[in-house]
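Readers should treat all values here as calculations from the given coordinates under stated rules, not as data from a laboratory. Computed from a prediction, not measured in an experiment: that's the story for all the values here. Don't worry about glycine lacking a Cβ; one is built from the backbone with ideal geometry, like all the others, and counts go over all protein chains shown.
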Amino acid sequence: MQKNILIIGAGIAGCSLAHFLANSGWNVTLLESEDDIAQGGSGNPVAAIYPKFMLNDEAYNDFMLKSFRFTTGWIRRLGLNEGDYRFDGAIEILEEAYAQKLEINLSRKITNKENFFSLINESILNKYLIESNSSGLFFHQGGWVNPIALCSHLINHSNIKIVTHQKIKSIEKSTDQWTLKTESQKTFNSSHVAICNASSVSQFDLTQHLHTDAFRGQVNWINSTTLQMPPIVTCDEGYLAPLIQDKHIFGATYAMNDFNKDLRKSDTKKNIASIKKIHREFYNHCEAQESIHGRVAWRASTKDRKPYVGRVFDNQLLGKMRVRELARADQLPWLKDLYIASGFGSRGFTFAPYCSSVLANLINDNLSQEDKKTLNYTNPERYRLKKMSLKKVASQIFKV
């Protein structure tokens, strides 16, 4: 029996899911509204990949650690060109007291921590040409990837078909298949559907309750200089990437539900200011430029900063059920063969590959215990269940 799936959205989430499913025998059709893949938040010149931990959120830190370790190891094995990624370290500049508290917390969680991260010291600052008197953490396996190169590599598979210029208007279920209709009156049919279209996930009747905020982000870059520059990703209020394709890329701004597509000089100034403590000479160099290139894109983020990955309820069945009938996880009215991967925010290239691998395992009915823990954490229906005072059920949809 042939396994067919339609995936809406060809950013990092859609391309990753297509990759995992195609490699497990699925015929995948990627439907993209733009004229090419990776045209939204997945189309920036570089994606910094390093683990951003919280001081008092152990569940988030567990999720971050799993995602980071999976994604960096997976990208290393993919066979990308050497110039399209590098994981030789990343620095996160933090206040000294915060960095020390974080180091203590992470030391309890991470075995062989000396191979994973270190507190920044004078030796690290000198080696990586960072301003003196900085504090923070050095992540030994952090780094960066070329987003478009990664997405292009993932969909280079005989089982994957890409169809661009397809703005999906509706998703409907008949007896044994899903029907997707486009704004241009074209129709696509398949037994399975995955919605991976970032902040547009709520445009459909079936998923209109999955609220996300669109965060406008502007990045900037200038051509290579004669300055000695940090050879690894360095993050403070903004980030500064090493020389990639003759560009030094830095950013990014973060404005909620701001849909201005134009480059803003005010945002360029914000990005320049954000790297002042990373590299003063480069900051001065940027300040002296008459014009600086850049790009604007939007990232979809949920209220609790946890992505939506998994399944959603059948709204008709949900409306007929009483709250006490929903108190058991095995009674939840899931829609069959419809899946969601959205709301990855600014950590898309860290979270999305890992989450897409887990989602592929769900679609293939091949979940591990760790997969189940992840899907409990990313349950797209967590808000609806919590509103019904079913908070415990919301985080325990799978037994682990």
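Comparing Y128, Y85, Y98 in a Gaussian network model of the chain where C-alpha atoms under 10 Å apart are linked, the largest mean-square fluctuation is found at Y98. With angles folded into 0 to 90 degrees, how steeply does helix 96-109 sit against the dominant principal axis of the chain? Use alpha carbons for both and round to 10. Orientation of helix 96-109: about 50 degrees from the principal axis. Along its first, second and third principal axes, ordered by size, the stretch 324-386 spans 39, 25, 21 Å in Cα coordinates. Computed per residue of the chain from DSSP H runs no shorter than four, each worth -39500 (n - 2.57), the mean residue ellipticity at 222 nm is -9000 deg cm²/dmol. Site pair I110 and H140 shows an inter-label distance of 1.0 nm when each label is modelled 7 Å from Cα along Cα→Cβ.
Can you tell me the orientation of helix 12-22 relative to the chain, as the angle in degrees between its alpha-carbon axis and the longest Cα principal axis, to the nearest 10? In the chain, helix 12-22 runs at an angle near 60 degrees to the longest axis. Rounded to the nearest 10 degrees, the angle from helix 265-274 to the longest Cα principal axis of the chain is 70 degrees. Among L78, L335, L390, the largest mean-square fluctuation in a Gaussian network model of the chain, built with springs joining Cα atoms closer than 10 Å, belongs to L78.
Please find, in a Gaussian network model of the chain (springs between Cα atoms separated by less than 10 Å), the residue of I195, I124, I275 whose mean-square fluctuation is greatest. The residue with the greatest mean-square fluctuation here is I124.
Bridging of K113 to aspartates and glutamates at a Cα separation below 15 Å is possible for D62, E103, once same-chain residues fewer than 8 apart are set aside. Along each principal axis, taking the top coordinate minus the bottom one, the Cα set of the stretch 206-329 gives 67, 28, 24 Å in descending order. Taking 24 Å as the straight-line reach from the Cα of K391, the lysines in range (excluding those fewer than 8 positions away in the same chain) are K66, K303, K306, K320, K336, K372, K373, K399.
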